[in-house]
Each structure stands twice: as C-alpha cells, then as structure tokens.
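**Student:** Before I ask anything, let me first share the structure, which is written out below as structure tokens.
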Amino acid sequence: MHALNDAWAAVNAFMASGGPVLLLIAGLTFFMWTLIFERIFYFKGGLKRDVQTAMDTWEARPERKSWNAHQIRHALVSRVSEKIDSNMDMIQTCVALAPLFGLLGTVWGMINVFEVLAITGGGDAKQMASGVSMATIPTMAGMVTALSGVFANTYITRTAQRETQLLADHLTMDH
Amino acid sequence: MKTIAKRVLAVAAAGLISVSAVAQDKATDLDQLLKMVQSSKIAESAEHKKREDDFRRQKANQAGLLSQAENTRTSEEARSAALEKKYEEQELLVQQKRQQLDERLGSLKELFGHLTSTAGDLRANLDTSLVSAQYPGRAEFLDQLIDKMNSATKLPTIQEIERLWYELQRETVESGKVVKFNGTVIKPDGEQTEQEVVRVGNFNLVSNGKYLEMNDNLKMAELIRQPDGKYLSMAADLQSATSGFSPFGVDPTGPTGGSYLKAMIASPSIIERWHQGGIVGYIISAVGVVALLLAIWRLLVLSGVNSKVNAQLRSSTPNTNNPLGRVLAVAEENKGVDGETLELKMEEAVLKERPAIESGLNLLKIIAMVAPLLGLLGTVTGMIITFQAITIFGAGDPKAMAGGISSALVTTVLGLVVAIPTVLLHTIVNGRAKRILHILDEQSAGIVAENAERK
C-alpha cells in the first residue's frame with residue numbers, strides 16, 4: 001500500500017511538472033493502446049470465428065466456378081477484411097498525432113518560460129525551470145507514445161495483411 | 001547749422017502747440033497766458049522761500065539728534081558686552097550639565113540607540129505588513145517614539161518602551177495567525193464597504209472569495225484582476241471554514257509586498273493569449289472553425305448515408321435513396337447482359353457515386369496540414385517583429401523581447417490546436433466514407449450475385 005502511494009505520488013509529480021498537455025498525451029496513449037489491444041484480441045479470438053463463417057459459407061456453395069461465385073467470394077473476403085481493418089486508421093492517426101501533442105507541450109512550456117522572463121527579467125533561472133520542464137517532458141512523452149505506437153502498428157498491419165491473404169487463399173476456386 | 005535751426009523751429013512749434021493746448025484750458029488769449037505765468041512764478045518763489053526756512057530750522061535739530069544716537073550706541077555696546085559675558089558663563093554651565101547628563105545616562109544611551117534602530121526596523125516592516133491592515137495606527141506611535149529618542153530634551157517613558165516590545169511581539173504573533181476581522185475594503189469601482197476580511201498570517205488578505213491588496217495608505221483594496229478561479233474558490237472555502245485545515249494559495253512574497261501575486265495576476269488569460277496571436281492567429285482560428293463545421297456536416301451526411309446503406313444491405317430490392325441502392329438498380333436494369341458487361345456498368349455507377357461521398361474530405365485534410373504551417377508563419381512573423389524591436393531598442397531589455405516571443409509562440413499553439421482535432425475528425429469522417437466506398441467497390445457485385453442466386 002505504501003509503495004502504491006509512493007508510485008501515485010511520483011506519477012502526480014511527473015504530471016504536475018509536465019503541465020496540462022501531458023494529460024492530453026496520457027489520454028491519447030491510453031486511447032491508442034486500447035485500440036491496439038482491441039485489435040490484438042480480435043486477431044486472437046473473433047477473427048477465427050469470422051474466417052470460419054466465411055469459409056463455411058463458401059464451402060456450402062453448390063458450385064465455385066461461375067461469375068456469381070467469383071463475385072460472392074470477393075464480397076466474402078471484403079467483408080472480413082473490413083472487420084480486420086477497422087480502427088487501423090485511428091491507430092495510425094494516433095501515432096501521427098503523438099509528436100504533434102509533444103510539440104504543443106513544448107510550445108506551451110516555452111510560452112511559460114518567456115512569460116516568467118517577461119515578469120522577472122531573466123534574473124531567476126529557478127522560476128524558468130518549471131516552464132522548461134513543461135516544454136521538454138511532453139516532447140519526450142509524445143515521442144515515447146509515437147515510438148511504442150509505431151512498433152505495435154507495424155505488427156498489427158502485418159498481421160492484418162497476412163490474415164486477409166490467408167483467407168483469400170483458403171477460399172479456393174474449382175476449375 | 002541748418003539742422004539745428006530746424007530743430008529749434010520744431011521745438012518752438014511743439015511749444016506753441018502745447019501752449020495753445022494749455023491756453024484752450026484756461027487762457028483765452030496770449031496776454032492772459034502771460035499773466036498767468038507771471039502769477040504762478042510769484043507763488044513758486046514764495047514756496048521755495050518757505051522750504052529754505054524749514055531746512056534751516058531742521059539743520060539746528062540734526063546736531064541734537066546725532067548726539068542722542070551716539071548715546072544709544074554706547075549704551076547698547078555695553079549691553080552686548082554684558083550679554084556676551086553671560087553667554088560664555090552659561091555655555092560653561094551647559095557643558096557641565098551635558099557632562100552630568102552623559103554621566104547619568106551612561107549605559108542608558110546605548111539602550112536608546114538600540115531602541116531607535118529596533119523601532120526604525122519595525123517601522124519599515126509595518127509599512128508592508130498586512131497586520132497593519134488589521135491594527136492601524138502603529139506606525140504613528142513608532143514615529144513619535146523615534147522622534148522622542150532622537151530629541152535631546154525628551155526621554156521615552158517606560159510605558160512607551162514597553163509598548164515597543166509589545167508591538168514587536170504582536171507583529172510576530174499575528175503574522176503566524178489566520179484571523180477574520182471587519183475592515184473597510186475599497187472595491188475596484190471606488191466604492192468602500194465594511195466587510196469581513198480573512199488575513200492569512202502576513203501573506204494574503206482575502207474577502208468574499210476575492211484577493212485584496214494593501215495600498216500605501218494601509219487601506220485594503222480589492223485586486224482589479226484576480227488570480228485563477230481555483231485560487232478564488234480556495235479563498236472562499238477558507239473564509240467559510242471554521243475549523244481544521246483548508247487548502248489555500250499563499251503568496252510567499254507577501255511580507256515583502258506580494259510580488260508573486262502581482263506577477264501571477266499580470267500573466268495574460270486564455271482570451272488575451274488568443275488576441276496576442278494577431279492577424280495570423282485570427283486566420284488560423286477562422287480556418288479551424290471552418291474545418292470543425294465542415295467535419296460535423298460531413299459526419300452527419302455520411303452517417304445518414306451509412307444507415308441507409310445498412311438498410312439496403314438487409315433488403316433485397318434496390319432503393320434509389322442511397323448509393324448502394326443506385327448501383328444495385330443499375331444491375332437490376334441490365335439483368336440479361338453477361339458478367340463482364342455488368343461489371344463494367346456497375347463500376348461506372350460506383351464512379352458516379354464517389355464524388356458525393358468523398359466531397360469535403362480533401363479540404364479537411366488540407367486544413368489539417370495547413371494549420372501548423374500557418375502557425376509557423378505566425379511564429380516567424382512574430383520573430384521578425386521581435387528582432388526589429390532588438391534592432392531599435394537593443395537586446396538590453398529581455399522583457400520587451402520576451403513579450404514578442406511569447407506572442408509569436410501563441411500562433412504555433414493555435415496552429416497545433418486546430419490541426420490536432422482536424423486530423424482526428426478527418427480520420428473519423430474518412431473512415432465512414434471509406435466504409436461506404438468499400439461496400440460499393442468490392443461488395444456490390446457480390447450482392448448482385450447473391451440476389452440472383454437466391455431467386
């Protein structure tokens with residue numbers, strides 16, 4: 001319990017020194033990783049069911065040769081790939097937004113620094129330090145979020161492509 | 001010679017004119033005038049004679065007056081000598097008495113020195129101390145005490161010395177207390193009201209959830225600009241609290257005049273910051289509003305289309321109120337044709353639907369990309385202005401420079417603040433559009449085939 005309190009205090013101190021933008025970055029990170037985990041869980045669980053349904057529908061067909069069969073196969077793959085690709089755009093956007101949030105924090109912190117400079121005339125480096133930490137911490141946090149997101153996004157994109165291709169391979173045509 | 005003659009003539013003419021002027025007053029002709037001149041001459045000579053007699057008489061008196069003045073002088077000289085002698089005697093006496101006073105004061109003299117310096121220090125502290133707002137009139141007492149100790153003729157009484165000690169003690173004790181008291185507060189509009197004031201040690205004065213300052217006349221005045229709302233609610237909570245602890249924003253520079261509070265109040269609010277951005281800032285804001293409205297409008301339109309497409313997916317008869325229905329209707333009309341032709345016809349129908357679904361999306365994307373660039377533009381123009389200020393005023397004043405720089409950065413913030421939601425909105429709107437296009441592109445032919453097989 002004590003250790004938990006200490007950790008909470010440390011998080012609070014970090015948040016306070018990073019300024020309001022850090023909260024936005026925290027929210028963005030949380031949102032992005034929720035989407036990433038949702039995708040991963042889908043690939044592990046729900047996807048298998050969807051692929052099975054598509055394959056069953058395909059296998060249940062009396063013939064798999066005609067133009068109709070071609071179009072239906074295309075539609076089946078498309079419907080599953082639509083499910084596979086859902087939220088992927090949002091994850092990519094979040095990865096792109098994280099550095100922008102970091103930049104926002106930097107500029108916000110710099111405004112604080114210059115404001116202190118305007119009031120005190122630059123005589124007090126200690127007072128400017130809070131603005132400097134407000135400028136640098138969000139940049140770092142934004143970078144960390146973006147980097148972690150890039151790795152996760154690469155993994156998810158590749159998995160999605162592979163799964164779509166696998167499904168297309170499974171739905172074989174008769175010739 | 002000629003000129004002299006002319007002058008004489010001129011003078012004579014002038015004399016004639018003046019004479020004729022006088023003659024107009026009194027004399028009617030020249031004979032009469034002559035008579036008048038003669039008579040006045042006689043009168044004047046009589047007067048002169050009288051004056052001469054007077055003078056002769058007074059001349060005799062002068063000798064008497066002179067001797068009288070000489071007598072006075074000698075007597076005054078004697079008196080001066082006597083007074084000088086007396087002064088010398090008394091100076092000796094004063095010296096003696098002074099010596100006596102010094103002897104008798106002895107260590108007391110040192111004590112008075114300490115008392116004077118202590119009272120002086122306290123006087124300086126009381127000028128900025130917020131406790132003075134609660135207990136006015138302390139400075140007057142100290143002034144009197146200092147005057148007394150500095151004068152050679154008066155000595156402070158024991159009561160006064162004890163009061164100095166008491167005032168020191170009271171200042172110390174009171175600056176450690178949080179107390180409520182009633183006082184006159186000057187409102188920003190100049191109105192004076194009697195209200196309850198909370199004094200937090202020597203740090204802050206608050207009343208009715210507002211921060212007060214003490215002006216030079218030890219009067220309490222409401223600050224014209226107040227700090228953030230959270231500090232104000234803290235102040236209100238503190239005033240209503242009766243026991244226990246209450247969080248409060250204390251100004252650590254309170255005892256020296258409260259410069260932190262003043263600085264915090266001087267920092268611009270969000271609205272003022274926004275105005276600092278200048279023309280570029282307004283342009284970015286306008287672009288942001290356009291993007292927001294466009295995104296909301298497209299989102300509403302696409303949601304409507306999406307729900308209609310979903311309904312179309314469930315029904316088997318094509319309905320022309322949605323893009324998918326229109327594409328399916330094309331297939332319905334060309335039932336007899338072979339697969340290849342039907343596919344081409346449907347592709348053509350999908351191409352026709354595309355612009356309506358995708359409209360506005362590119363504009364959103366452009367705004368998302370342009371907003372940070374506009375912010376950068378504002379920053380650079382702000383920096384140019386700052387550097388122009390440096391070339392005029394030199395780099396000696398960091399305050400003048402910092403103001404320009406912080407306003408330059410505001411546009412960057414505005415650019416990012418517009419770009420970030422626009423990117424998010426674009427992703428959401430684009431997702432909707434893409435789903436519909438996906439269905440049109442890849443599933444419409446399949447749906448036609450399924451419908452054909454089902455019959």
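The values are calculated or read from the model by the stated rules, or taken from the named source; none is laboratory data. This one's a predicted model, so the numbers in the text were calculated from it and none came from an experiment. Counting neighbours? That spans all protein chains shown, and the Cβs are built from the backbone with ideal geometry, glycine included. Quick note on the areas: whole protein, heavy atoms, side chains included, nothing else; ligands and nucleic acids left out. Shrake-Rupley method; radii C 1.70, N 1.55, O 1.52, S 1.80 Å.
**Student:** How compact and how long is chain B, expressed as Rg and Dmax of its alpha-carbon atoms in Å?
**Tutor:** 52.3, 165
**Student:** Let me ask something else about it. Between A:Leu23 and B:Asn150, how high is the FRET efficiency from 1/(1 + (r/R0)^6) when r is the Cβ-Cβ distance and R₀ = 56 Å? Nearest 0.05.
**Tutor:** 0.35
**Student:** State the answer as a single residue: which of B:Gln32, B:Val290, B:Ile270 lies farthest towards the positive end of the charge dipole of the protein assembly as shown, with beta carbon charges of +1 for Lys and Arg and -1 for Asp and Glu, about the Cα centre.
**Tutor:** B:Gln32
**Student:** While we're looking at this one, here's another question. Which percent of Cα pairs goes in each bin when the distances of region B:223-263 are cut into 10 angstrom slices starting at zero?
**Tutor:** Taking all Cα pairs of region B:223-263, the binned fractions are 27, 50, 23, 1 percent.
**Student:** Counting partner chain Cβ atoms within 10 Å of every residue's Cβ in A:103-112, what's the average?
**Tutor:** 6
**Student:** If amide H atoms are built 1.01 Å from N in the plane of the peptide, which residues on other chains or at least 5 residues away come under 5 Å of the amide H of B:Ser175?
**Tutor:** Distant-sequence amide H within range of B:Ser175: zero hits.
**Student:** Which loop trypsin sites (Lys or Arg not before Pro) in region B:214-269, with loop taken from DSSP, have no more than 16 other Cβ atoms within 10 angstrom of their Cβ?
**Tutor:** Answer in residue order: B:Lys219, B:Arg225.
**Student:** Then there's this: To the nearest 20 debye, what charge dipole does region A:70-175 have about its Cα centre, counting +1 at the Cβ of each Lys and Arg and -1 at the Cβ of each Asp and Glu?
**Tutor:** Magnitude of the dipole: close to 100 debye.
**Student:** Quote the Stokes-Einstein diffusion coefficient, in whole µm² s⁻¹, for region A:1-119, based on the Kirkwood radius over alpha carbon pairs, a temperature of 25 °C and a viscosity of 0.890 mPa s.
**Tutor:** 131 µm²/s
**Student:** Quick one: buried accessible area between B and A, total over both chains, 1.4 angstrom probe, nearest 100 Å²?
**Tutor:** 3300 Å²
**Student:** Cross-link candidates for B:Lys154: which lysines have Cα within less than 25 Å, leaving aside residues fewer than 8 places away along the same chain?
**Tutor:** Partners within reach: B:Lys97, B:Lys109.
**Student:** Taking 0.36 nm per residue of sequence separation and subtracting the Cα-Cα distance, how much length would be gained by fully extending the chain between A:Ser66 and A:Arg158, in nm to one decimal?
**Tutor:** Separation in residues times 0.36 nm, less the Cα-Cα distance, equals 29.9 nm.
**Student:** What average count of beta carbons from other chains do you get within 10 Å of the Cβ of residues in B:410-422?
**Tutor:** Counting Cβ atoms of other protein chains within 10 Å of each residue's Cβ and averaging gives 4.
**Student:** Could you work out what % of the accessible surface of region A:1-142 is carbon and sulfur, using a 1.4 angstrom probe and leaving DNA, RNA and ligands out of the count?
**Tutor:** 71 percent
**Student:** Multiplying the sequence separation of A:Ile40 and A:Ala3 by 0.36 nm and subtracting their Cα-Cα distance, what value in nm do you get?
**Tutor:** Gain on extension, A:Ile40 to A:Ala3, equals 10.2 nm.
**Student:** May I pose another question? Which loop GluC sites (Glu not before Pro) in region A:27-129, with loop taken from DSSP, have no more than 13 other Cβ atoms within 10 angstrom of their Cβ?
**Tutor:** Here the sparse-neighbourhood loop sites are A:Glu63.
**Student:** Hey, for a label at A:Met55 modelled as a point 7 Å past Cα toward Cβ, could you say which residues of region A:149-163 have their backbone N under 20 Å away?
**Tutor:** A:159-163
**Student:** Right, here's the next one. Kirkwood Rh and Cα-based Rg: tell me the resulting Rg over Rh for region B:392-455, rounded to two decimals.
**Tutor:** My calculation puts Rg/Rh at 1.61.
**Student:** Give me the mean projected area, in nm² to one decimal, of the convex hull enclosing the Cα positions of region A:47-175.
**Tutor:** The directionally averaged projection comes out at 10.1 nm².
**Student:** Calculate the all-directions average of the projected area of region B:237-376's alpha-carbon convex hull, and give it in nm².
**Tutor:** 18.0 nm²
**Student:** What is the distance, in nm, between label points placed 7 Å from the Cα along the Cα-to-Cβ direction at B:Ala286 and at B:Trp165?
**Tutor:** That separation, rounded to one decimal, is 7.6 nm.
**Student:** Quick check: pseudo-label points 7 Å beyond the Cα along Cα→Cβ at A:Val132 and B:Arg73, how many nm apart are they?
**Tutor:** 8.8 nm
**Student:** Also, I was wondering about something else. Using +1 at the C-beta of Lys and Arg and -1 at the C-beta of Asp and Glu, which of B:Val301, B:Pro323, B:Ala349 has the Cα lying farthest in the positive direction of the dipole of region B:286-389?
**Tutor:** B:Val301
**Student:** Another question, then. Which order, highest average first, do A:161-167, A:102-108, B:424-430, B:281-287 follow once you tally other Cβ atoms within 10 Å for each residue and take the mean per peptide?
**Tutor:** Top of the packing list down: A:102-108, B:424-430, B:281-287, A:161-167.
**Student:** Counting only other chains, what is the mean number of Cβ atoms within 10 angstrom of the Cβ of each residue in peptide B:338-350?
**Tutor:** Per residue, the number of nearby Cβ atoms from other chains is 1 on average.
**Student:** Just name one of B:Val413, B:Gly431, B:Gly446: the one whose Cα is farthest towards the positive end of the charge dipole of region B:399-455 (beta-carbon charges, Lys/Arg +1, Asp/Glu -1).
**Tutor:** B:Val413
**Student:** Moving to a separate point now. Across all directions of projection, what mean area in square nanometres is found for the Cα convex hull of the protein assembly as shown?
**Tutor:** 76.2 nm²
**Student:** For a quick size check, give me the Cα extents of region A:1-68 along its three principal axes, largest first, whole Å.
**Tutor:** Largest first, region A:1-68 extends 67, 29, 8 Å along its Cα principal axes.
**Student:** Note down the magnitude of the dipole of the protein assembly as shown about its Cα centre, charges +1 on Lys and Arg C-beta and -1 on Asp and Glu C-beta and zero elsewhere, to the nearest 20 debye.
**Tutor:** The dipole of the protein assembly as shown has a size of about 1040 debye.
**Student:** Let's test the formula: R0 of 60 Å, r as the Cβ-Cβ distance of B:Ser315 and B:Ala266. What FRET efficiency results, to the nearest 0.05?
**Tutor:** After rounding, the FRET efficiency stands at 0.35.
**Student:** Quick one: putting +1 on the C-beta of Lys and Arg, -1 on the C-beta of Asp and Glu, what dipole do you get for chain B around its Cα centre, in Debye to the nearest 20?
**Tutor:** 1160 debye
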